[in-house]
Amino acid sequence: MLQLKQITFSAPQESGGERQILSHVDFTAEQGKFIVITGPNGSGKSTLARIIVGIQQPDEGRIFFEGEDITDLSISERAKRGIAFAFQQPVRFKGLTVSDLLGLAAGEEILTRKQMCTYLQQVGLCAADYIDRDVNASLSGGEIKRIEIAMAMARKAPLTIFDEPEAGIDLWSFNHLIDVFRRLRDVTKGTVIIISHQERILDIADEIVVLSGGQIAARGGKEEILPTLLQSHGMTNRGPGCLVDRQVCPNEGSGA
């Protein structure tokens, strides 16, 4: 279980001074839940994800994972405890193949070539075409995203966080990612947290958390939260299925 207690974070502004990104955020993610955190640009979603994995440190508050205070632990120490993070723009590793990455993701478990092929097939990639392929610029955004999810399946982390996995991929790839995310939770048996605006990703969530102005504006089951988002006055559509509520989330476009 993940617990955030009174997380507060501010960032310097180019014009001088600081802007508060997160303000006293309390949040609990139960084991095995599929949680989507949504809200406009500038609401603090990605910042919250980076704080959980240790890329950034909160100004105030504490983070607990499986009952342990991990607030002062490094990224690598948190990873060892079972926290995995997928960047909005995945890193490309020159000189490494897809099979190398799957092997690294599995950690102490030794994966057979057959197991690697199974993970790739589960994310819709033909294993024969990808398992020995270099992870470089020749791969599309959609291919990289799928490989990253295959790595998450191989790792089976207790907590996996994705920051806007739909960013930079084509519609065909996105449609298939929905089914892949469903399989991810079944395979890992862990908690999955996704930062997203996409209605179709929100629709498969056990719980939706709405961030606005650095605070949690609403949270609950999709049956409760999603209809409110869809029906709220001022809802806009930013691309296929991409939802932003200007009334609930007034800070759209301010970054972070």
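Any read-out appearing in this document is the output of simple, stated calculations on the displayed coordinates, not a laboratory observation. Small disclaimer: the values here were computed from a predicted structure and weren't measured. We place every Cβ from the backbone using ideal geometry, glycine too, and count neighbours over all the protein chains shown.
Quick look at the numbers
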| item | result |
| --- | --- |
| Orientation-averaged projected area, Cα convex hull of the range 100-188 (nm²) | 5.6 nm² |
| Label zone at Glu224, where the point sits 7 Å out along the Cα-to-Cβ direction: the range 65-87 residues whose backbone N lies under 11 Å | none |
| For q = 0.25, 0.35 Å⁻¹, Debye-computed log10 I/I(0) when each Cα of the range 40-79 counts as one equal scatterer | -0.84, -1.27 |
| Test item: Cα-centred dipole of the chain, Lys/Arg +1 and Asp/Glu -1 on Cβ, debye | 420 debye |
| Cα-Cα separations in the chain greater than 27 Å, expressed as whole percent | 37 percent |
| Debye log10 I(q)/I(0) at q = 0.13, 0.18, 0.19, 0.25 Å⁻¹ for the range 163-222, Cα point scatterers | -0.37, -0.70, -0.77, -1.16 |
| Leading residue at positive end of dipole, the range 111-207 (Cβ point charges), from Gly141, Leu159, Gln115 | Gln115 |
| Under the span-like rule (Cα at least 15 Å along the axis, Kyte-Doolittle mean at least -1.0), DSSP H helices of the chain | 141-155, 171-188 |
| Amide H partners (placed H, <5 Å) of Phe162, local residues excluded | Ala86, Ile193, Ile194, Ile195 |
| Computed [θ] at 222 nm, helices only, for the chain once each DSSP H run of length n ≥ 4 contributes -39500 (n - 2.57) | -9500 deg cm²/dmol |
| Rg/Rg_globular for the range 20-132, with Rg_globular taken as 2.2 N^0.38 Å and Rg from C-alpha atoms | 1.30 |
| Lys/Arg +1, Asp/Glu -1 at C-beta; the range 2-245 dipole; positive extreme among Ala84, His197, Gly213 | Ala84 |
| Check: the range 1-102 dipole with +1 on Lys, Arg Cβ and -1 on Asp, Glu Cβ, in debye | 400 debye |
| Reachable lysines, given that their alpha-carbon falls under 22 Å from the alpha-carbon of Lys45 and they are not under 8 places away in the same chain | Lys5, Lys33, Lys145, Lys222 |
| Among Ser74, Ser15, Ser138, residue whose mean-square fluctuation peaks in a GNM of the chain (springs only between Cα atoms under 10 Å) | Ser15 |
